[in-house]
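To start, the structure itself, in structure tokens.
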């Protein structure tokens, strides 16, 4: 059985986070139009699972650079890497926003799961309500939700460009393929 080179591992690792992140954004969009909170919860979990996968794929791409002949791709690799980093940053920011919006629920879960922490959690809740009262509003303003969705769609576009550039390096320039 031939050994697996690191350069061959990168294309294996990228597909799963791509699917998770695109599906997360799609579920968010459908959740807004159908007004289904369960879809938002599913989108959150997909984002939580997809981002670490994207970071692992990014790392595997960086590590595999030394194993391939990059000369045929020219500056395409640099562009691919730049888009990959920017896409990872975008989805990281989206996850941070999502977790901030969920912070009151996370505190509630912690209070129920670990009852001895209730006094400390109550103090954190008091401070959070003072500093970030919007997190405790019954509904987020539509403008914030719309801005989040636009940023999410932009993240998917960046993800698509990243994938296109990676595919162009392989299929148009033969990067990572064995010599004929």
Within the group 35, 111, which residue is surrounded by 13 or more Cβ atoms within 10 Å (Cβ to Cβ), over 18 Å from the mean Cα position of the chain (by Cα) and over 30 Å from residue 167 (Cα atoms)? 111
Would you confirm whether or not the range 153-160 contains a residue that is farther than 30 Å from residue 13 by Cβ and touching a residue at least 12 places away in the same chain (Cβ under 8 Å)? no
Would the range 33-41 turn up any residue that is in contact (Cβ under 8 Å) with a residue 60 or more places away in the chain and either part of a helix (DSSP H, G or I) or within 19 Å of residue 144 (Cβ to Cβ) (or both)? no
Set 60, 88: member being modelled with pLDDT under 90 and surrounded by 15 or more Cβ atoms within 10 Å (Cβ to Cβ): 60
Is there a residue being over 30 Å from residue 11 (Cβ atoms), within 24 Å of the chain's Cα centre (by Cα) and modelled with pLDDT under 90 anywhere in the range 75-82? no
So which of 179, 119, 104 is farther than 18 Å from residue 28 by Cβ, modelled with pLDDT under 95, out of contact with any strand residue (DSSP E or B) (no Cβ under 8 Å at 6 or more places or on another chain) and outside any helix (DSSP H, G or I)? 179
Any residue in the range 98-111 that's at positive phi and without any contact (Cβ under 8 Å) to a residue 60 or more places away in the chain: show its pairings with residues that are buried (at least 16 other Cβ atoms within 10 Å of the Cβ) and part of a helix (DSSP H, G or I) at Cβ separation under 7 Å, as long as the two are six or more apart or on different chains. none
Filter the range 19-32 for residues that are touching a helix residue (DSSP H, G or I) at 6+ places or on another chain (Cβ under 6 Å) and closer than 15 Å to residue 159 by Cβ; the one that is surrounded by the fewest Cβ atoms within 10 Å (Cβ to Cβ) is 23
Yes or no: residue 99 out of contact with any helix residue (DSSP H, G or I) (no Cβ under 9 Å at 6 or more places or on another chain), surrounded by 12 or more Cβ atoms within 10 Å (Cβ to Cβ) and within 26 Å of residue 20 (Cα to Cα)? no
If residue 146 satisfies all but one of (1) within 30 Å of residue 76 (Cβ to Cβ); (2) in a helix (DSSP H, G or I), what's the number of the condition it fails? (1)
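The values are calculated or read from the model by the stated rules, or taken from the named source; none is laboratory data. Quick caveat, the model's predicted, so the values are computed rather than measured. We place every Cβ from the backbone using ideal geometry, glycine too, and count neighbours over all the protein chains shown.
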